[in-house]
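Peer 1: For reference, the structure I am asking about is given below.
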Amino acid sequence: MSGWIGLALIGVVAAGALWVSGVSRSLWTLVGAALMLGAAGYALQQRAGLGEHLAVSDATPVAVAPEMVELRNAMLGRFTGDGAYLIASDALMRSGSRRSGANVVLLGLNHYPRSLTLWTGLGTALVQHDAAVSPAARLAFDQATRLAPEHPAPPFFEGLAYAQTGEYRTARLYWARALKLAPAGASYRRDIALRLAALDLVIAQLN
């Protein structure tokens, strides 16, 4: 029973945080869906008696790789209004402010609700915050894909998230799609191909 009370409290706190942050109501649907997915998973597991475990500390810095930032810029553009929020998020993540790093992307979406850049960035930020490809992160990547189904950025960065969490075979599916979608003359196409080839070597070694 205490687990369900805690889950209800999380929902109340999340709603309050969104209201205080001034996030538009159009984005509440995403957070609400994530909470519902979490509740459904909790109900299916029915393991409320399990002991606590330590979550990832919000003060732990995130290693934001410069080459990934460059690749993101190549795919999604540099020095754009919505991209500025990702620059701020990167800085906060490097300083260890994971929650603020994710929140600043949400604030950007309040101004640019149909931004492919920010929905892709939100998926990445949520993975960095949760240290896992959480349901909320998948929802963000899915929204990016809905906005631009033929753009390679959403599948590439979702694949990167899976690769970073050790789910290499799942990551390969996304990177193969990103390579297929990358235009033949794009400067970043070779980067995707090289990373896919390296991933194939890792998978082969695991086999």
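The values are calculated or read from the model by the stated rules, or taken from the named source; none is laboratory data. In this text the structure is predicted, and so the values were computed from the model without any measurement. Every residue, glycine among them, receives a Cβ derived from its backbone with ideal geometry; neighbour counts consider all protein chains shown.
Peer 1: Restricting to the stretch 69-88, give me the number of residues that are under 19 Å from Val104 (Cα atoms) and assigned to a helix (DSSP H, G or I).
Peer 2: The number of residues fulfilling the criteria is 10.
Peer 1: Moving on. Examine the stretch 180-194 for a residue that is buried (at least 20 other Cβ atoms within 10 Å of the Cβ), assigned to a helix (DSSP H, G or I), over 12 Å from the mean Cα position of the chain (by Cα) and in the same structural domain as Val64 (by TED's automatic domain parsing), and state whether such a residue exists.
Peer 2: yes
Peer 1: Among the listed residues Pro135, Pro61, which satisfies the condition of being out of contact with any His (no Cβ under 6 Å at 6 or more places or on another chain) and modelled with pLDDT under 90?
Peer 2: Criteria check complete, one pass: Pro61.
Peer 1: Another question about this same structure. Hey, among the residues in the stretch 195-207 that are under 23 Å from Val64 (Cβ atoms) and touching a residue at least 12 places away in the same chain (Cβ under 8 Å), which one's surrounded by the fewest Cβ atoms within 10 Å (Cβ to Cβ)?
Peer 2: Val202
Peer 1: Oh, and also: Please note which helices (runs of 4 or more DSSP H) are completely contained in the stretch 108-179 and include at least 3 residues that are more than 21 Å from Gly83 (Cα to Cα), touching a helix residue (DSSP H, G or I) at 6+ places or on another chain (Cβ under 8 Å) and assigned by TED's automatic domain parsing to the domain that holds Arg72.
Peer 2: It comes to 153-164.
Peer 1: Could I ask something else about it? Of Gly121, Gly185, which residue is within 21 Å of Gly77 (Cβ to Cβ) and modelled with pLDDT of 95 or more? Explain how you work it out, then say what you get.
Peer 2: Values: Gly185 fails: modelled with pLDDT of 95 or more.
Gly121 is the lone residue from the list that is within 21 Å of Gly77 (Cβ to Cβ) and modelled with pLDDT of 95 or more.
Peer 1: For residues that are over 23 Å from Arg146 (Cβ atoms) and of a type in the set (Ser, Thr, Tyr), scanning just the stretch 76-126, find the one that is surrounded by the fewest Cβ atoms within 10 Å (Cβ to Cβ).
Peer 2: Taking the candidates together, the pick is Ser95.
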